[in-house]
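Data block below; observations after.
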Amino acid sequence: MHEIIQQVTDRIAERSRASRTAYLRRIEHDGEQARAKGPARAHLGCANLAHGFAAAPEGDKLLLKSSAKPGVAIVTSYNDMLSAHQPYETYPAELKQAVRRAGGVAQVAGGVPAMCDGITQGRAGMELSLYSRDVIAMATAIALSHDMFDSALLLGVCDKIVPGLLIGALHFGHLPAIFVPAGPMTSGLPNKVKTRTRQLFAEGKVGREELLDAESKSYHSPGTCTFYGTANSNQVMVEVMGLHLPGATFVNPHTELRHALTEAAGARAVEITAHGAEYAPVGRVVDEKAIVNACVALLATGGSTNHTLHLVAIAAAAGIALTWDDLAQLSKAVPSLTKIYPNGQADVNHFRDAGGMQALIGDLLDHGLLHGDVLTVAGQGLDHYRSEPALKEGALVWTERTAGSADTEVLRPVAEPFAADGGIHMVDGNLGCAVSKVSAVKPEHLVIEAPAKVFDDQLDLLAAFERGELDGQDFVAVIRYQGPSANGMPELHKLTPPMAVLLDRGQRVAIVTDGRMSGASGKVPAAIHLSPEAADGGPIALVRDGDVIRLDSAAGTLEVLADLSGREPEGRALSDAEWVGTGRELFAAFRRMAGPAERGGSVFTVSGAEHPDHGPGRGFAAPAGASHAETTR
């Protein structure tokens with residue numbers, strides 16, 4: 001193993017020793033009970049069990065009544081509004097047949113919400129987006145709470161849906177769980193053309209009709225959006241964590257291979273229950289090594305900054321205390337190996353065709369940058385994921401890929417990276433700690449020192465741009481009161497086109513915010529997820545127009561070059577009475593309970609870390625061994 005990768009893994013394991021031990025003790029007890037008692041529903045009372053199979057088809061009813069066959073839960077995020085999730089409409093029937101052929105019986109245990117950040121960008125609904133992750137986790141727990149099941153098939157792809165499903169499943173960590181992806185849509189309008197059209201619209205040079213035409217040619221069919229945002233970053237990390245079948249990530253929907261992989265996932269969910277010879281509980285699959293592997297994959301591919309939140313929250317659900325300092329250290333050791341939009345012009349289909357996950361994982365393993373000695377749903381060892389699936393005479397087979405990249409403009413080997421370090425940096429200073437995605441930013445834009453222009457709402461910045469008030473000047477846009485406890489930490493991706501216009505005009509501009517940007521945010525330098533947030537008394541609330549801010553994403557520093565002592569905070573988050581509409585008032589309790597961004601922005605604590613000081617969210621105590629940067633906020 002690479003020395004830094006091993007050091008960070010060891011540090012995480014030591015920091016998490018107490019909570020992880022408590023977590024494992026709980027799931028091992030549940031696993032022992034499962035092995036001893038047979039299929040879970042076997043020890044339900046007769047009335048309980050009768051409710052559980054009352055509506056089942058007659059054949060399944062007999063299997064459920066007999067309590068002899070393993071039960072498999074299907075937890076689905078299907079809706080037909082999200083292109084990525086529309087293919088899931090037919091999955092339950094396919095999976096039930098596959099499970100039945102493998103000697104089990106499957107039921108749809110529940111559904112979880114799946115909102116689209118692409119639709120809600122810049123709108124009130126986006127203020128529910130991050131909270132939806134924890135709602136999905138709770139909905140997953142409700143689905144699995146019936147004690148009818150011996151494993152789970154998780155149907156989700158996008159943004160908060162995959163982290164939420166996994167967090168919920170990890171609270172039933174003795175159950176095996178397999179993610180069943182739907183795959184990306186085929187390539188549409190080139191990303192360069194789409195981006196240019198957005199900027200022309202921001203400048204008023206094209207109208208709504210032209211913009212809508214470009215967008216609809218980009219997002220044009222069932223399947224995941226093809227840019228490398230949070231959804232596709234989810235898919236990369238889930239495969240590297242061993243929670244997909246090998247090679248399942250980027251196979252397009254409604255193809256024969258996609259259907260074969262879906263059916264194989266159903267069969268595998270039966271094979272890895274506690275009642276077979278290959279028991280693979282999800283709480284064991286997701287260990288410290290798997291979490292580090294996910295971090296490495298994120299960094300090597302320049303993935304979505306949203307995962308600096310989600311990985312922390314996922315790790316916490318498995319009793320593991322991951323910190324931003326860990327990501328910062330890993331970023332120094334992990335090279336940037338891909339150029340996928342917004343980090344380049346290729347999309348995920350081009351990445352797949354260049355060698356995809358098999359070439360990436362194999363090369364990272366060969367250079368000691370991934371832990372190979374891990375448990376996966378495919379079996380022991382990450383070497384399973386060097387293999388790519390194919391159909392031969394109608395049968396699904398896996399063949400190890402030994403060739404390197406087929407297109408080094410999209411995927412590079414570790415020996416010849418696009419950059420020596422990872423695509424995500426952590427920045428720290430007298431304004432707090434934040435995340436900076438550098439993989440899509442030109443080197444000459446990594447450092448900026450300029451006066452602040454302060455906004456308490458993204459719409460105010462957009463209005464200032466439209467009035468021409470931002471033209472012809474260098475500045476750092478400070479957008480505050482956008483954190484988890486202020487308004488749910490919405491993505492501010494709508495700011496990217498106008499800020500990119502100014503950047504292209506030769507102005508020096510950047511963004512500093514306690515809100516989020518998205519995995520598609522692109523070339524504008526930014527320090528995001530700033531913690532502590534303004535609503536929790538963070539120094540960002542003390543910044544005034546004209547204060548000089550220096551952001552050095554290369555060196556990892558963020559400073560306001562002004563004396564903030566004696567200042568009172570300006571601005572404020574909306575009150576509960578003001579934070580209404582689009583259902584936001586239903587989530588007021590989440591605002592009060594949400595932890596800071598560096599702790600995942602979650603209402604949950606680290607599993608197994610029970611302590612008198614640990615209330616939900618805000619009572620989240622700093623883990624033992626946390627750095628000065630972590631404990632001083």
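For the range 551-591, the residue among Ser565, Gly581, Ala554 whose Cα projects farthest onto the positive side of the dipole built from Cβ charges is Gly581. Can you give me the Cα centroid spacing of the range 217-265 and the range 1-56 in angstrom? So the two Cα centres are separated by 26 Å.
Could you give me D for the range 409-475, from Stokes-Einstein at 37 °C and 0.692 mPa s, where the hydrodynamic radius is the Kirkwood radius over C-alpha pairs? Units µm² s⁻¹, please. In µm²/s, the coefficient is 214. Here the Debye sum runs over all C-alpha atoms of the range 156-308 as equal scatterers in vacuum, and log10 of I(q)/I(0) at q = 0.09 Å⁻¹ comes out as -0.36. By the compact-protein rule of thumb, 2.2 N^0.38 Å, the alpha-carbon radius of gyration of the range 206-287 corresponds to a ratio of 1.51. Normalising by the residue count of the range 112-228, find the relative contact order in percent from Cα pairs under 8 Å and 6+ residues apart. 24 percent. In the range 182-241, Rg over Rh equals 1.09, where Rg is the alpha-carbon radius of gyration and Rh the Kirkwood radius from pairwise Cα distances.
Based on the Kirkwood approach, the hydrodynamic radius assigned to the range 339-394 is 12.8 Å, with every pair of different Cα atoms included.
The residues of the chain present an accessible area of 36 Å² per residue when probed at 1.4 Å with all protein chains retained.
Across the range 266-349, Cα-Cα pairs farther apart than 19 Å form 51% of the total. Separation of the range 351-413 and the range 446-478, taken as the distance between their Cα centroids, equals 44 angstrom. On the basis of the beta-carbon distance and an R0 of 56 Å, Ala42 and Asp407 show a calculated FRET efficiency of 0.60. Applying Stokes-Einstein at 25 °C and 0.890 mPa s to the Kirkwood radius of the range 495-589, computed over alpha-carbon pairs, gives a translational diffusion coefficient of 157 µm² s⁻¹. Charge dipole of the range 14-157 (Cα centre as origin; +1 on each Lys and Arg Cβ, -1 on each Asp and Glu Cβ, all else neutral): 520 debye, rounded to the nearest 20.
For Ala84, what is the net charge nearby, where nearby means another residue's Cβ is under 12 Å from its Cβ and Lys, Arg count +1, Asp, Glu -1? Taking every other residue near Ala84 into account, the sum is -3. With each label modelled as a point 7 angstrom along the Cα→C-beta vector, the Gln6-Arg196 pair spans 5.0 nm. Each Cα pair of the range 51-94 feeds into the Kirkwood radius, which the Stokes-Einstein equation turns, at 4 °C and 1.567 mPa s, into a diffusion coefficient of 105 µm²/s. Between the residues Thr195, Thr140, Cys158, the greatest Cα displacement towards the positive end of the dipole of the range 134-261, with unit charges on the Cβ of Lys, Arg, Asp and Glu, is found for Thr195. Loop sites here are GluC sites (Glu not before Pro) outside DSSP states H, G, I, E and B with no more than 16 other Cβ atoms within 10 Å. The longest part of the chain free of them is 1-202. What would the Debye formula give as log10 I(q)/I(0) at q = 0.08, 0.09 Å⁻¹ for the alpha-carbon point model of the chain, no solvent? Debye intensities relative to I(0), on a log10 scale: -0.54, -0.69. Note on the range 329-464: with neighbouring protein chains present and a 1.4 Å probe, carbon and sulfur make up 49 percent of its accessible heavy-atom surface.
Summing Lys and Arg as +1 and Asp and Glu as -1 over all other residues whose Cβ lies under 9 Å from the Cβ of Gly356 gives a net charge of 0.
Dipole magnitude for the chain: computed about the Cα centre from +1 point charges on Lys and Arg Cβ and -1 point charges on Asp and Glu Cβ, it is near 1080 debye.
If you average 1/r over all unlike Cα pairs in the range 1-119 and invert the result, what Kirkwood radius do you get in angstrom? So the Kirkwood estimate lands at 17.9 Å. The trypsin sites (Lys or Arg not before Pro) of the range 441-483 that DSSP puts in a loop, and whose beta carbon has at most 14 other beta carbons within 10 Å, are Arg467.
Built from the Cα atoms of the range 535-579, the convex hull projects on average onto 4.4 nm², one quarter of its surface area. Secondary structure note: in the range 367-526, about 55% of the DSSP beta bridges are antiparallel. With θ set to phi - 60°, apply the Karplus curve 6.51 cos²θ - 1.76 cosθ + 1.60 along the range 533-540 and write out the HN-Hα couplings as whole Hz, x wherever there is a Gly or Pro. Calculated HN-Hα couplings, in order: 7, 4, 5, 9, x, x, x, 4 Hz.
Among beta bridges from DSSP that stay inside the chain, the antiparallel ones total about 50%. Describe numerically, in nm with one decimal, the distance between label points set 7 Å from Cα along Cα→Cβ at Glu578 and at Glu28. The modelled label-to-label distance comes out at 5.2 nm. The angle between the Cα long axis of helix 208-218 and the longest principal axis of the Cα atoms of the chain comes to about 40 degrees, rounded to the nearest 10.
For the range 494-508 and the range 165-201, what is the centre-to-centre distance using only Cα atoms, to the nearest Å? Result: 26 Å between the Cα centres. The label-point distance for Ala589 and Gln380, in a model that sets each label 7 Å from Cα toward Cβ, rounds to 4.5 nm. For the range 164-297, with all protein chains present and a 1.4 Å probe, just round the carbon and sulfur fraction of the accessible area to a whole percent. So the carbon and sulfur contribution to the accessible surface is 56 percent.
The values are calculated or read from the model by the stated rules, or taken from the named source; none is laboratory data. The shown structure was predicted, so the numbers you read here are calculated from the model rather than taken from an experiment. Heads up, the Cβs are rebuilt from the backbone with ideal geometry, glycines too, and the neighbour counts pull from every protein chain shown. We work out accessible area using only protein heavy atoms, side chains counted, and drop any ligands, DNA or RNA first. Shrake-Rupley method; radii C 1.70, N 1.55, O 1.52, S 1.80 Å.
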